[in-house]
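Here is the structure we will look at.
The values are calculated or read from the model by the stated rules, or taken from the named source; none is laboratory data. Keep in mind that this is a model prediction, so the values were computed, not measured. Counting neighbours? That spans all protein chains shown, and the Cβs are built from the backbone with ideal geometry, glycine included.
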Amino acid sequence: MREHRQGAGGLGALTKGVIPNRADQIRAAARDLSGYSKGPLASLGVTVVRYQAILFDVGGALAVDGVIASACRYWIASMEVSIAEEKDPALRRRILETLTARLPEWFAQGESNRHYAAQAEILEAWIARIDGRAGGLLLIKRHSPGSAEIYWLGVDPDYHRQGIGKTLIGAVEDRLREEKIRFLFVMTLHPEDPYEPYRRTRLFYERMGFALALSSGQALATSSSDPLAYYLKPL
């Protein structure tokens, strides 16, 4: 088994400091501190990710090499993230229900929440654990030998914008590619709906390579009349 690690580079000894508002220095910091590396531990079905994230507390946003830097002061947050398929149905359900309660902006419909909690006991589930704590869950539903659906995805708000959702999807995509799955799709609120939390959700999926493919009249699992849409990603 191999585990890939990425250190903090030459700036790793700094725990707090000032970065001048110049693109070259922010770019250097981004290369040294914001990336992550991952390696599948095939025999355990686990992916371990270690990374250092740059967090900024003041200044205007600047995008450099895909990193949003809000310059001046920063500190380094280091986490260990493990991604693994969870086989215990009861544990899967408990984790989903815990995350649902933490994410009322996304999961406020009781009928839908009960449906997804029940599905957590049935569908394939992948858990992100941050320093040993369950912080994210992804349910996969397989529709054919060539396609699969992200049926439910949630990340604890304490870990939003730290790459957890991206890492979860990446680990699942690796598994699906090994199985020769060609298409991954997800259903979410239609882009015509202005609700802000789901606007951010759609933007997240678009950045992950998904594209709007099909409009759906309503949620298949509930009586909700919310306009929905399928986003598709070729693997």
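Before moving on, here are some points about what is shown:
- Options ALA211, ALA219, ALA134: the member that is modelled with pLDDT under 95, of a type outside the set (S, T, N, Q) and surrounded by fewer than 20 Cβ atoms within 10 Å (Cβ to Cβ): ALA219
- Residue within the range 160-181 that is of a type in the set (Gly, Ala, Ser), touching a strand residue (DSSP E or B) at 6+ places or on another chain (Cβ under 6 Å) and crowded, with 19+ Cβ neighbours inside 10 Å present: yes
- Close Cβ contacts (under 7 Å, 6 or more residues apart or on different chains) running from residues in the range 176-191 that are over 12 Å from LEU214 (Cβ atoms) to residues that are part of a strand (DSSP E or B) and of a type in the set (Val, Ile, Thr) comprise LEU184/ILE150.
- Out of TYR116, TYR195, TYR205, sole residue that is hydroxyl-bearing (Ser, Thr, Tyr), touching a strand residue (DSSP E or B) at 6+ places or on another chain (Cβ under 9 Å) and surrounded by fewer than 18 Cβ atoms within 10 Å (Cβ to Cβ): TYR195
- Yes/no for TYR195 being within 17 Å of the chain's Cα centre (by Cα) and assigned by TED's automatic domain parsing to the domain that holds ALA101: no
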